[in-house]
Amino acid sequence: MGGKTLFDKVWDDHVVVPENEQTPAVFYIDLHIVHEVTTPQAFDMLREKKLPVRRPDLMLATMDHSTPTVPVNDLSALDDPAISAPEPAKQIRQMIVNCEEFGIELHGFGDHHRGIVHVIGPEIGATQPGKTIVCGDSHSSTHGAFGALGFGIGTTEVGHVLATQCLLQRKAKSMAVNITGKLQPGVSAKDIILALIGKIGVDGGTGHVIEYRGETIRGLNMDERMTICNMSIEAGARAGMIAPDETTFAYMKGRDKAPQGEDWNIAVERWKELKTDADASFDKEVSLDISDLEPQVTFGTNPAMVASISKAIPKIDDLSFNKAINYMQVKADQPMLGTKVDIVFVGSCTNSRMTDLHSVAKILDGKKVASNVRMMIVPGSEALKSQAETDGLDKIFTAAGAEWREAGCSMCLGMNSDKLGKGQLCVSTSNRNFEGRQGPGGRTVLASPETAAASAIAGVIADPRDYI
Amino acid sequence: MEKLTKLTSKTTVLPIDDVDTDQIIPARFLTTTTREGIGKALFADWRFDAQGNTIKDFPLNAPGIAECKFLVAGRNFGCGSSREHAPWSLVDFGIRAVISSEIADIFRNNSLKNGLVPVIVDNDTHQWLLANPGAEVTVDVEARELRLPTGKTVTFPIDNFARHCILEGIDQTGFLMQNVDNIGRFENNRSWQP
């Protein structure tokens, strides 16, 4: 019998009742992150069935999706139509009520750790190797960067976890993605994951949990690993994982919710076992050599419609392909390089961390954002915001003419007032270029923080290698 | 959820691949705290223009759409966001099954919890359905079969437990609640605590 994969080990450690032909496994969840958008109906289900939250201590609650990215010092600010529409304001208030009623600690306005769900989990040390982590948000795969099993769930399942701390699950298949080679200057983790999705397609990982492996991954810092795991869902994968190592432990040590003292040493010994055995096998394997990888930009309406920045968009005669190209108002056989830009958005659970902010600052330093461009920089959490300000990054951003805003999901999904107008083109460090994702009729080009910064200066889609 | 054992209905066809849940229901409609009337937001930006006018040639705006309980979609339907509002809006609109050659994982999982049957078929059957909008087909959950008007019958995969819940119209929370003792034992016997 072969050895176990990292996924097998985390899976086995959480099976309360094994699956059989008739029923899925009862599967235990160690950390449940809750936010205002995908939970109200689940809390209502608890009220209807008169159920408590089983483990409020294993919940991590914040507000990020529909919150404004201007300061909210007082909840009454939400009544100002210039700050928030009435519906999101109602949802935010409901979240506060729900957390109070069910005894869940909420990282709300004014809290140092309010921020994007997938940013604050790692930031406070709640995200740990070997944990199972879910959230009513598909980018829960982000937490896999720590060797956790993180995946997105719907609101019914949010209710299941609130009530029982468990889900009914069938075990997914496993997929190895082996990444080798050294990144060239100006090329970053975002380019790796975009290239991978371009290679395997938006359904290349469907039914599978990916494990990212290889020398390139070992060389990445935690922010970069999170960028990669974050977009696993854009390849359709259930989750994406990376085995923990010294880089992981160094990032975690001393964080609020990380084990302390002797518990830390015990935990690290346990975490070191969380790797795929040499004799384990995967259901599927893919390899990617990134030695010659160029900056990647999307040209269509899903993340697999991606090309190297200087290369022409392919020509494919297909209904769905042509619909996407027409929506984006781009032409096959021409590169995206040089396309006029209206908005540049730096932020989201994919690219709003210190590594990203520093990469952007390095390119923007002493430069000006082009006059035709509005550039918004939205940090992933309030803690990141103050860290960036301590490092002096905010001054670089504002001197360049960029907007430096409060933490939240912001223009990644246009649930608050940060939206694209019809026809506007946005170079975005987020994760989805779906039609209208950033606002009805808006056009999204996904790119790295480096490409976003270079494009902001140039006013057109630009190659970051010309700006470093 | 409403039970479903067997249903015969016409299909409506959306022949686009990789339809994501942002199209099924755009994010700006997720600010609701209930599920009431969510079908109005279904495919909002494909059904209506910026002024709110109906886009006539969109399949879900066709006359007689109320008789179509099945949506035949291109490959990889429901990819992207985990929003359960997507199946909620389809069900509220009147759709009871989504038929495709491939359906994204989270959407499929969410659908099964709301009595929306994800029917995955082989490429030939899929192509036939895409080419024959309005065909009257039968989705038989009991038999795990899709029957075409040509007389062809294909089986589709559906998890035993999810099938049981759809046939009986029961939600899964009750089953999980029956396991509280097992869950308590698991929590007490772990070698480490989260």
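Look through A:209, A:268 and report the one residue that is of a type in the set (A, V, I, L, M, F, W, C), buried (at least 17 other Cβ atoms within 10 Å of the Cβ), within 14 Å of another protein chain (Cβ to nearest Cβ) and not in a helix (DSSP H, G or I). Before the answer, list the steps.
On the way: A:268 fails: not in a helix (DSSP H, G or I).
Just one listed residue meets the conditions, A:209.
Among the residues of the stretch A:88-100, count how many are within 14 Å of another protein chain (Cβ to nearest Cβ) and open to solvent by 60 Å² or more (accessible area, probe 1.4 Å).
Summing the residues that are within 14 Å of another protein chain (Cβ to nearest Cβ) and open to solvent by 60 Å² or more (accessible area, probe 1.4 Å) in the stretch A:88-100 gives 3.
Right, residue B:95: away from chain A (no Cβ under 14 Å) and crowded, with 20+ Cβ neighbours inside 10 Å or not?
Values: away from chain A (no Cβ under 14 Å): yes; crowded, with 20+ Cβ neighbours inside 10 Å: yes.
In short, yes.
For the stretch B:71-177, give me every one of the helices (runs of 4 or more DSSP H) that falls completely inside it and has 2 or more residues that are within 16 Å of the chain's Cα centre (by Cα) and among the charged types (D, E, K, R).
Numbers: elements: B:85-93, B:105-112, B:123-131, B:160-168, B:173-177.
In the stretch B:71-177, B:105-112 are the helices (runs of 4 or more DSSP H) which contain 2 or more residues that are within 16 Å of the chain's Cα centre (by Cα) and among the charged types (D, E, K, R).
If you check residue A:195 against the conditions, is it over 15 Å from the mean Cα position of the chain (by Cα), away from every other protein chain (no Cβ under 14 Å) and open to solvent by less than 10 Å² (accessible area, probe 1.4 Å)?
On the way: over 15 Å from the mean Cα position of the chain (by Cα): yes; away from every other protein chain (no Cβ under 14 Å): yes; open to solvent by less than 10 Å² (accessible area, probe 1.4 Å): no.
So residue A:195 does not fit the description; no.
Being closer than 28 Å to residue A:236 by Cβ and of a type in the set (Lys, Arg) narrows it down to one of B:185, B:147, B:108, so name that one.
Matching residue, one of B:185, B:147, B:108: B:108.
Which residues, taken from the stretch A:232-253, are touching a helix residue (DSSP H, G or I) at 6+ places or on another chain (Cβ under 9 Å) and not aliphatic (A, V, I, L, M)? Give the derivation first.
Applying the first criterion (touching a helix residue (DSSP H, G or I) at 6+ places or on another chain (Cβ under 9 Å)) to the stretch A:232-253 yields A:232-245, A:247-253.
A:232, A:234, A:236, A:238, A:240, A:244, A:245, A:247, A:248, A:249, A:251, A:253, listed by residue number.
In this structure, is residue A:145 out of contact with any strand residue (DSSP E or B) (no Cβ under 7 Å at 6 or more places or on another chain), assigned to a helix (DSSP H, G or I), farther than 28 Å from residue B:176 by Cα and at pLDDT 95 or above? Quick ask: steps written out before the conclusion?
Working: out of contact with any strand residue (DSSP E or B) (no Cβ under 7 Å at 6 or more places or on another chain): yes; assigned to a helix (DSSP H, G or I): yes; farther than 28 Å from residue B:176 by Cα: yes; at pLDDT 95 or above: yes.
So residue A:145 passes the test.
From the set of residues in the stretch A:212-241 that are touching a residue at least 40 places away in the same chain (Cβ under 8 Å) and assigned to a strand (DSSP E or B), which is farthest from the other protein chains (Cβ to nearest Cβ)?
Result: A:213.
Yes or no: the stretch B:25-33 includes at least one residue that is out of contact with any Cys (no Cβ under 8 Å at 6 or more places or on another chain), free of Cβ contacts under 8 Å to residues at least 40 places away in the same chain, in a loop (DSSP other than H, G, I, E, B) and not β-branched (Val, Ile, Thr).
yes
For the stretch A:346-364, give me each residue that is under 15 Å from residue A:383 (Cα atoms), over 13 Å from the mean Cα position of the chain (by Cα) and buried (at least 24 other Cβ atoms within 10 Å of the Cβ).
A:357
Answer yes or no: is there a residue in the stretch B:46-53 that is part of a helix (DSSP H, G or I), within 14 Å of another protein chain (Cβ to nearest Cβ) and without any contact (Cβ under 8 Å) to a residue 40 or more places away in the chain.
Restricting attention to the stretch B:46-53, the residues satisfying the condition of being part of a helix (DSSP H, G or I) are B:46-47.
Narrowing further to those that are within 14 Å of another protein chain (Cβ to nearest Cβ): B:46-47.
Keeping just the survivors that are without any contact (Cβ under 8 Å) to a residue 40 or more places away in the chain gives B:46-47.
Checked the stretch B:46-53: at least one residue is part of a helix (DSSP H, G or I), within 14 Å of another protein chain (Cβ to nearest Cβ) and without any contact (Cβ under 8 Å) to a residue 40 or more places away in the chain.
Look through A:87, A:101 and report the one residue that is more than 17 Å from residue A:410 (Cα to Cα) and not aromatic (Phe, Trp, Tyr).
Numbers: A:87 fails: more than 17 Å from residue A:410 (Cα to Cα).
On inspection, the qualifying residue turns out to be A:101.
Among the residues of the stretch B:70-83, is any of a type in the set (D, E, K, R), open to solvent by less than 50 Å² (accessible area, probe 1.4 Å), at pLDDT 95 or above and closer than 30 Å to residue A:42 by Cβ?
First, pick out the residues of the stretch B:70-83 that are of a type in the set (D, E, K, R): B:75, B:83.
Next, only the ones that are open to solvent by less than 50 Å² (accessible area, probe 1.4 Å) stay: B:83.
Add one more test, that the residue is at pLDDT 95 or above, and what stays is B:83.
If we keep only those that are closer than 30 Å to residue A:42 by Cβ as well, we get B:83.
Yes.
Which pairs do you get when a residue that is at positive phi and more than 7 Å from chain A (Cβ to nearest Cβ), found in the stretch B:74-89, comes within reach of a residue that is surrounded by 24 or more Cβ atoms within 10 Å (Cβ to Cβ) and polar (S, T, N, Q), reach meaning Cβ atoms under 7 angstrom, with the pair 6+ apart or on two chains?
Listed pairs, sorted by first residue: B:78/B:21.
The values are calculated or read from the model by the stated rules, or taken from the named source; none is laboratory data. What you see is a predicted model, and the numbers here were worked out from it, not measured in a lab. Methodologically, a virtual Cβ is constructed for each residue, glycine included, from the backbone with ideal geometry; neighbour enumeration extends over all protein chains shown. The protein model used for the area step is the full one, side chains on, heavy atoms only, and it has no ligands, DNA or RNA in it. Shrake-Rupley method; radii C 1.70, N 1.55, O 1.52, S 1.80 Å.
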